[in-house]
Amino acid sequence: MTQIQAQNSDLQLIENTINYYLDGMITHNAESFEKAFHPNATMKWIDKKYEEVNAVEALSSYVKANDPVKTKTSIVAINISGDAANAQLELEYDTFSYIDFMHLLRIDGTWKIVSKTYSTRVKSSK
């Protein structure tokens, strides 16, 4: 298999993993997070201070406690190097967007998100 074919295959597998995450966020299906994330994956952000939690636990709690809302999602970029990759995503809601930076590793042949870092972008009112 050529390197380009291998990268295309990895790209599809990474997109599949990311889509499990996006499905969980859109439909509030907590089980999707377990397919996307390594069990020890972290989620990090700045609110008033630096925050860090277990990603699967935090996201599952969030979707179980809230009703789904209209969400527009996009994969902005994916970069792959060997067994490591990163992806930039955008989840757009009515008044704000989450900008996610996902770090993925190929673990035992399966791509898993090992870290999610995100920022919130508030939409300007016009």
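The values are calculated or read from the model by the stated rules, or taken from the named source; none is laboratory data. Not measured: the values here are computed from a predicted model. Neighbour counts are summed over all protein chains in view; Cβ atoms, including those assigned to glycine, are modelled from backbone coordinates with ideal geometry.
Details
- Qualifying residue in segment 51-71 (condition: among the β-branched types (Val, Ile, Thr) and touching a residue at least 60 places away in the same chain (Cβ under 8 Å)): no
- So Asp47, is it at pLDDT below 95 and either out of contact with any His (no Cβ under 7 Å at 6 or more places or on another chain) or on the phi > 0 side of the Ramachandran plot (or both): yes
- Scope segment 55-83; condition closer than 22 Å to Ile107 by Cα and exposed (fewer than 13 other Cβ atoms within 10 Å of the Cβ); matching residues: Ala77, Asn79, Ser81, Gly82, Asp83
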